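Participant: Structure provided below as structure tokens; questions to follow.
The values are calculated or read from the model by the stated rules, or taken from the named source; none is laboratory data. Since we're looking at a predicted model, the values are computed, not measured. Every residue, glycine as well, gets a Cβ built from its backbone with ideal geometry; the counts of neighbours run over all protein chains shown.
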Amino acid sequence: MGEELGMTAKKKDFNEWYVEVIKKAGLADYSSVSGCMIIRPYAYRIWESLKCLLDERFRKLGVKNAYFPVFIPEKLLKKESEHVEGFSPEVAWVTEGGSSKLEERLAIRPTSETIMYESYAKWIRSWRDLPLKINQWVNVVRWEFKNPIIFLRNREFLWQEGHTAHEEKKDAEKEVLDILEIYREVVEDYMAIPSVKGRKSDKEKFAGGEYTVTLEHLMPNGKAIQGPDSHHLGQNFSRAFGVKYLDKNEEEKYVWQNSWGFTTRQLGIMFAVHGDDKGLVIPPRVAPVQVIIVPIYKEGSRKKVLKSAGELLKPLRGFSVELDDRDGYTPGFKFNEWELKGVPLRIEIGPKDIEKGQVVLVRRDNGEKKPVKTKDLEKEAEKTLDSIQKNLLDRAEKFMKDHTKEVKTYEEFKKALEDNWIIANWCGETACEEKVKDETGAKIINIPFDLNKKKPSGKCFCGCGKPAKHKVYFAKSY
């Protein structure tokens, strides 16, 4: 049993390590449908906590939750030409119901703009109906890709998708950034994952939108991966679907729209960023189990130790805490299992600890052990969990900093690309963007806000000779 639980792959062999830790830590499993995963309770509890964190913040912006159908008639999907062209390769279609062929194909929801905006056109009549802010927590299906990776790249995954309609463009554009900041707060402050905030290039933006802003993350293997995104759709969809209203002067106008989403991919990113050779390391603020109590006893001291271990639950009631009182498993086995599952803090208690009026705290992030008096347990546990949370973010930020390289020339770029993401000057031309992707496999991840507060000096790194318009992040990516 111990061999089944223990990790065999090392994190330096990232692809093998990642799949092993996902399965052995009990996070998810493969289903019999290629590219579709089963999310197991341990990981789903994290998803539920993220849902609560996000919903609380969305409600403060006036967003309400609803539900729309998973099936989208083909005629709706085709209404916005750029949108359908962007998603066509990924759409899964239902063509039969029972033994009857359907008169019209039904798309299984790849995203819900089209079916939601059909309803928005009915519901919005006047300026008094605006802003309309609706979110839904659902599954989506995007079919065409190779090499599915559990959590990171699936044919079916879970997400929230917010869809809002506004009178004024400035209000819509403000919301785009407000939502991205909500995502950053949850991802950084709770999941301890650093990111780069920025705008996608036109080539990489959401199909049918005016522009897309994202959080981008660096994975342990040097590849970039997109996190949550927020899209300003302009009036592209409102014109296609007739989403319009009478303003205060009784003039008919089209609404300005946004859409934004956060997916179960973020779980995989968190597992990858923080895990180590022993398994998961889960940040305390989203951990399903923050504290595990492991009693250490021999048969003669069993009853006494279990009684004292049980009494520790009371001062720890403010945390997500469990007592591992299973018989038939050694303390060492339990230590390894809970380390594999990434529980942030372990409390050990044995006969000698009881005599001294103490317990031993063991940190998952760095393995440090510390004896603390039982009377101080609540305060020390809280302080230690806060320290673990901060350390995980600091460690991830250091990794990101150490693997960020800025270059001036294309030759420097090609040398630095392995295991890093790259900052470089870009002229803004799609031709240079496509050249880099064709020749190196790297693409523009985003145009970071913090590096583009003023126009960069110098020329495009690609060698085209044109002046730089932006500093951008390039990387190989998922």
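Participant: Failed condition for Glu418, given (1) out of contact with any helix residue (DSSP H, G or I) (no Cβ under 8 Å at 6 or more places or on another chain); (2) assigned to a helix (DSSP H, G or I), with all others met?
Facilitator: (2)
Participant: Give, as residue ranges, the strands (runs of 3 or more DSSP E) completely inside the range 236-315 that count at least 2 residues that are in contact with an Asp or Glu (Cβ under 9 Å, 6 or more places away or on another chain) and buried (at least 24 other Cβ atoms within 10 Å of the Cβ).
Facilitator: Hits in the range 236-315: 256-263, 291-295.
Participant: If you go through the range 230-275 one residue at a time, how many are under 16 Å from Leu132 (Cα atoms) and among the acidic types (Asp, Glu)?
Facilitator: Looking only at that region, the number is 1.
Participant: Something else about it: If a residue has to be over 25 Å from Ala92 (Cβ atoms) and among the charged types (D, E, K, R) to count, how many in the range 21-43 make the cut?
Facilitator: 2
Participant: Sticking with this structure for a sec: Which of the residues that make up the range 204-226 are assigned to a loop (DSSP other than H, G, I, E, B) and within 20 Å of Phe237 (Cβ to Cβ)?
Facilitator: Listed by number, the residues that qualify are Glu204, Lys205, Phe206, Ala207, Gly208, Gly209, Glu210.
Participant: Taking the range 456-478 as the search range and keeping residues that are of a type in the set (Ser, Thr, Tyr) and touching an Asp or Glu at 6+ places or on another chain (Cβ under 9 Å), which one is farthest from Ser201 (Cα to Cα)?
Facilitator: Ser477
Participant: Inside the range 44-161, counting only helices (runs of 4 or more DSSP H) that do not spill past its ends, which hold 3 or more residues that are out of contact with any strand residue (DSSP E or B) (no Cβ under 7 Å at 6 or more places or on another chain)?
Facilitator: 81-87, 113-123
Participant: Which condition number in (1) at pLDDT below 95; (2) acidic (Asp, Glu); (3) surrounded by 21 or more Cβ atoms within 10 Å (Cβ to Cβ) is the one that Asp327 fails?
Facilitator: The one condition Asp327 does not meet is (3).
Participant: Quick one: in the range 234-259, of everything that is polar (S, T, N, Q) and touching a residue at least 40 places away in the same chain (Cβ under 8 Å), which residue is farthest from Val213 (Cα to Cα)?
Facilitator: For the range 234-259, the residue satisfying everything is Ser238.
Participant: Okay, next question. Taking the range 371-415, which residues are over 25 Å from the mean Cα position of the chain (by Cα), aliphatic (A, V, I, L, M) and closer than 21 Å to Val286 by Cβ?
Facilitator: Within the range 371-415, just Ala381 meets the criteria.
Table: residues versus (1) in the same structural domain as Asn249 (by TED's automatic domain parsing); (2) among the acidic types (Asp, Glu); (3) crowded, with 18+ Cβ neighbours inside 10 Å.
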site: Glu90; (1), (2), (3): yes, yes, no
site: Thr95; (1), (2), (3): yes, no, no
site: Leu106; (1), (2), (3): yes, no, yes
site: Val140; (1), (2), (3): yes, no, yes
